[in-house]
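Visitor: Sending over a structure as structure tokens; questions will come in a sec.
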Amino acid sequence: MISLHVNIDHVATIRQARRGSEPDPLAAAALVELAGAQGVTVHLREDRRHIIDRDVRLLRETIQTVMNLEMAVTEEMVELALKTQPEVVTLVPERREEVTTEGGLEVVRAPELLRTSIARLQEQGIRVSLFIDPTIDQIEASHASGATDIELHTGSYANARGAAVEQEYERLHAAAVRAHELGLQVNAGHGLNYQNTRRICALPHVHELNIGHSIISRAVFTGLSSAVRDMLDLIRDATPTA
Ligand code: PXP
């Protein structure tokens, strides 16, 4: 079966809206693991807009499955990953102004820092995955960079409508086949939800999926009724009888 790594950044986004302590992504990670997910994914962005350093430090102590740390290719992040020792690092492009990771990593014209960062992380036993657009040149460049894994960016497929859906699916299919031929582990993620994930599972050679926003969004609604009932019970208990 394909593994599911749940991205819990979106829990941290709700916490950071108040700069408070809840909801704590540590609790989310524990529940995700209890529910059977094979891994927990967090993206430490340079602006710390959701996941913060304290989360990464404590999650490293509490995650029992696989910790996948998504991060930009910078000296600061590589140092932090070497200190944290996640099982997997996924290297992603990062621009401050973007709402979420918008495109894949540019591996074809990558600076030397990418290659040296991959080597440094691997020397410490950390698996390195590159989050890339599903094109053959990015796949081949990823292989040449020394990475063992790629994560196919499924965002264009997820956003496509009409005839474009099939075109995007075909690109993912061809990319997965080429990556496997080169011996790369094929992972995928971004924008996957309860409607479009089934077809992604049917792609050849997919090992792991990273899914966040749709799962946390669904959890808001599946949990909302009982959360309201709990508050009503509390108010009923606390209201003085006339
Ligand atoms: N994979 C990568 C590399 C990402 O940056 C993200 C979003 O943080 C995801 C997967 C998960 O995307 P989504 O939240 O849309 O499921």
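Since every read-out is calculated from the coordinates, none of them should be taken as a lab result. Quick caveat, the model's predicted, so the values are computed rather than measured. Neighbour counts run over all protein chains shown; Cβ positions are idealised from the backbone, glycine included.
Visitor: Starting from residues that are part of a helix (DSSP H, G or I) and in contact with a helix residue (DSSP H, G or I) (Cβ under 6 Å, 6 or more places away or on another chain), keep the ones in the range 212-242 and report whichever is surrounded by the most Cβ atoms within 10 Å (Cβ to Cβ). Spell out the reasoning first.
Guide: Of the residues in the range 212-242, the ones part of a helix (DSSP H, G or I) are 213-238.
From what is left, the residues that are in contact with a helix residue (DSSP H, G or I) (Cβ under 6 Å, 6 or more places away or on another chain) are 213, 216.
Details: His213: 16, Ile216: 20.
Only one residue fits best here, namely Ile216.
Visitor: Moving on. Go through the range 78-98 and give me each residue that's more than 15 Å from the ligand (Cβ to nearest atom) and either within 16 Å of the chain's Cα centre (by Cα) or on the phi > 0 side of the Ramachandran plot (or both). Steps first, please.
Guide: Start the filter on the range 78-98 by keeping residues that are more than 15 Å from the ligand (Cβ to nearest atom), which leaves 78-80, 82-85, 87, 97.
Of everything in the range 78-98, those that are more than 15 Å from the ligand (Cβ to nearest atom) and either within 16 Å of the chain's Cα centre (by Cα) or on the phi > 0 side of the Ramachandran plot (or both) turn out to be Gln85, Glu87.
Visitor: Here's another thing I want to ask about it. Of all residues in the range 182-211 being more than 14 Å from the ligand (Cβ to nearest atom) and in a loop (DSSP other than H, G, I, E, B), which is surrounded by the fewest Cβ atoms within 10 Å (Cβ to Cβ)?
Guide: Step by step, filter the range 182-211, then rank; the result is Gly183.
Visitor: Also, I was wondering about something else. Any idea which of (1) under 19 Å from Thr41 (Cβ atoms); (2) touching an Asp or Glu at 6+ places or on another chain (Cβ under 9 Å) is the one Ala147 doesn't satisfy?
Guide: So the condition that Ala147 fails would be (2).
Visitor: Condition check: away from the ligand (no atom under 14 Å from the Cβ), over 29 Å from Thr74 (Cα atoms), among the acidic types (Asp, Glu) and touching a helix residue (DSSP H, G or I) at 6+ places or on another chain (Cβ under 9 Å). Does Glu140 satisfy that?
Guide: Details: away from the ligand (no atom under 14 Å from the Cβ): yes; over 29 Å from Thr74 (Cα atoms): no; among the acidic types (Asp, Glu): yes; touching a helix residue (DSSP H, G or I) at 6+ places or on another chain (Cβ under 9 Å): yes.
No; evaluated as a whole, the condition is false for this residue.
Visitor: All but one of (1) more than 15 Å from the ligand (Cβ to nearest atom); (2) surrounded by 20 or more Cβ atoms within 10 Å (Cβ to Cβ); (3) of a type outside the set (Val, Ile, Thr) hold for Leu152; state the number of the condition that does not hold.
Guide: Unmet condition: (1).
Visitor: Pairs under 7 Å by beta carbon, first residue more than 16 Å from Glu70 (Cα to Cα) in the range 3-24, partner within 14 Å of the ligand (Cβ to nearest atom) and part of a helix (DSSP H, G or I), six or more apart or different chains?
Guide: Cβ pairs passing all conditions: Pro23/Val11; Pro23/Ile14.
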